[in-house]
Amino acid sequence: MKKETPFQAKKKAPPLKAGGVEWVDCQEVHAQPKSLFRLWMAANVNIATLGTGAIATTLLVLPFWKAILAIIASSLLGSLTLGFFSTYGVRYDVPMIAISERWFGSTGNRVFSLFSFLSGTGWFAVNTAVCAYALERSLPIHPVLAIFLLSLAQTLFASVGNKLILKAENACYLILLSLFTVITAFCLLSLPTGSYLAPNPGSRGEIPGAWILMINIGLSNFSGWLPFAADYSRGMGQTQKNRSIEKEVFWYAFLGSFFSTSWVEILGAFLGKSIRSENPTDLLFTLLPSSLHLLLAAAIVIGTISANMINLYSAGLCLLGTGIRIPFCQASIFVGITGLGAALFGYRHFYQRFEEFLFLLDFLVLPRMAILAITHLRTRTSRIPLLKSGTIGFLCWLLGVIVSIPWIRQEPLFIGRMAATYPQLGDLSFLLGCTVSSLSYWIFTKPVQEFAPPTEVNPLASLNNRPTPGPQLRFVEESCTLRDNGSSLPGTE
């Protein structure tokens, strides 16, 4: 009998795998690269993305054409970054929080796992609060009760694990694409010609640096996804054409996120310029006739579920990354409970809470991702004998965050000294943080000439419930030998 190759066995294996932070073996994969297009389309075609675009013309009071340029610029940069980090799942076969321990150390990785947990929980709260607004407009239900019921349903669904996520995202993609296409056409036809050029009543005029601020907010929208990008592409590289798979993963993830965010955010900016609203659901319910309100509510609920499946699952993995040793289903339930509290706290002042939350993500996440990009391109080691490369990575991230504080511009919460002196520059904290972190890491580390097998740091040590993950490391070494390009986890010192 002819022996099957790993690739042939993979094609016969179940397409999805339940579980948490573990290596993906050669018999099990999540999906094909083209599924990432549907996943990221479905994850971004929702009312929260619409609210992000509306910030440009409501809070920042940008002209519509400037809002379009800012949205396209942020969507392009964010989608390129998301596609790049999606290839990590192909190269390493583990979630981002598993491989980042090598580059930030055990303590640093737990700190970042906590940030990523808060990110996923926050986005869960934002999406749930928006969905509650929609249900309140179409059904006789109080938003607090709606938030509670939505949180309960989504948490129970996500606690099963990732075996349902990609399959469910495929269904959500088709439904959301159809519903939002109809909604977009109806909204554009319902508004009077030229209404998008008229200023909002009581407008205070464009604030200084608003265009840069909108790019910052748009990138913050992506920063919520970046730490999770590799979670849904791991296992796709266990074929004989690994480099080719990486390119496919990059392009499908890029195109799915770019088309969805550009489309929905521009629609949000268009509606925000024409309609005064206190929450993003008003942008659509005001235009659509009452006969279509149930259809709109269905689209919002499906969009919420589509995004929150990713948020709950990945935030649960990140909670395990903090060192808490509980089963994955309990981690997902804890995420849902925390998100429920956050949604109840922020639903009354959605735009203000949403903007503050987006800024916080941008300020903390992006400098870390800059270092992750450098270490992925080539493994580096510390130039300082007394410090490990993981410690260097964490300290460089911290340096980038500290240096960028004077450039923070988050009114009325906080305005840094330099941001107050040069308001026309907007908020440059994210750019400065990424630059300082990456340059300092480049200076204090040097390239590793040859691959060294992992000897000190086990990337799953703080992520697996089992205290002795030795067999998993042996399995990884066996799995890596099946790849023609020899790609594997980067070495440690």
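The values are calculated or read from the model by the stated rules, or taken from the named source; none is laboratory data. On a predicted model such as this, the values are computed, not experimentally measured, just so you know. Every residue, glycine as well, gets a Cβ built from its backbone with ideal geometry; the counts of neighbours run over all protein chains shown. With ligands, DNA and RNA removed, areas are computed over all heavy atoms of the protein, side chains included. Shrake-Rupley method; radii C 1.70, N 1.55, O 1.52, S 1.80 Å.
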Check: segment 378-450: D in µm²/s via Stokes-Einstein (Kirkwood Rh, Cα pairs, 20 °C, 1.002 mPa s)?
Finding: 160 µm²/s
Checklist line | By accessible area with a 1.4 Å probe, ligands and nucleic acids excluded, highest first: order of Glu136, Glu265 | finding: Glu136, Glu265
Next item on the list: Counting other Cβ atoms within 10 Å, keep those with at most 14, restrict to DSSP loop, and tell me which trypsin sites (Lys or Arg not before Pro) in segment 248-352 are left.
Entry: Arg276, Arg325
Notebook entry, point to check: Got a sec? What order do Arg102, Arg38 fall in by accessible area at 1.4 Å, biggest, i.e. largest, first?
Noted result: Arg38, Arg102
Notebook entry, point to check: Treating the beta-carbon of each Lys and Arg as +1 and of each Asp and Glu as -1, no other charges, what is the dipole magnitude of segment 378-450 about its Cα centre, to the nearest 20 debye?
Noted result: 300 debye
Next item on the list: Would you mind telling me the share, in percent, of accessible area of segment 356-398 contributed by carbon and sulfur at probe 1.4 angstrom?
Entry: 71 percent
Next item on the list: Could you state the orientation-averaged shadow area of the convex hull built on the Cα atoms of segment 258-340, in nm² to one decimal?
Entry: 7.4 nm²
Item checked: Surface accessible to a 1.4 Å probe, per residue, for the residues of segment 378-450, Å² -> 56 Å²
Next item on the list: Quote the accessible area belonging to His349 in square angstrom, nearest 10, computed with a 1.4 Å probe and with ligands, DNA and RNA left uncounted.
Entry: 100 Å²
Margin query: What's the ranking of 297-305, 121-129, 60-68, 245-253 by average number of surrounding C-beta atoms within 10 Å, highest first?
Written below: 121-129, 297-305, 245-253, 60-68
Check: Going by average Cβ neighbours within 10 Å, how do the peptides 385-398, 107-120 rank, with the highest at the top?
Finding: 107-120, 385-398
